[in-house]
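In what follows, a structure is listed as structure tokens, so that the remarks can point back to it.
The values are calculated or read from the model by the stated rules, or taken from the named source; none is laboratory data. Fair warning: this is a prediction, and the values are worked out from it, not measured in the lab. Here the Cβ positions follow ideal geometry from the backbone for every residue, glycine too, while neighbour counts run over all protein chains shown. For the accessible areas, the whole protein counts, side chains as well, though only heavy atoms, and no ligand, DNA or RNA atoms are used. Shrake-Rupley method; radii C 1.70, N 1.55, O 1.52, S 1.80 Å.
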Amino acid sequence: MAKFSPVSHLSLQIEFREAIEFKQQDIRTTMPSESFHLILCRNLVLTYFNADLQQKVLSQMLKQLIPRGVFVVGSHESLPGNFRQMQAIRLGVYRKEH
């Protein structure tokens, strides 16, 4: 598990930067076992995966999202309608209701 230092044009307060952990994961086959407050899923699942794989991966991701957690997709993407537990906050940003 590697810590990530943001690129020079991004700035995070030190206490946030030290708490962020990035992992390399092939989400097509396995998901991390932890729960998440925030999942960023931009230009990947909804663009390049077929419909069956999209459903599988999105379902697994959203199970890992805590209640009231935030899920972000690309600005030209949206979640399929069958993810009713997700409330649209704004374009491409959703909050898990329960």
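Here are the numbers for the structure shown:
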{"item": "Residue tally, condition at pLDDT below 75 and closer than 20 Å to Ile66 by Cβ, over segment 17-34", "result": "2"}
{"item": "Identity of the residue in segment 35-71, at pLDDT below 90, of a type outside the set (A, V, I, L, M, F, W, C) and within 21 Å of Val93 (Cβ to Cβ), that ends up most open to solvent (accessible area, probe 1.4 Å)", "result": "Tyr48"}
{"item": "Segment 72-98, subset among the small types (Gly, Ala, Ser) and open to solvent by 50 Å² or more (accessible area, probe 1.4 Å), residue farthest from Asp26 (Cα to Cα)", "result": "Ala88"}
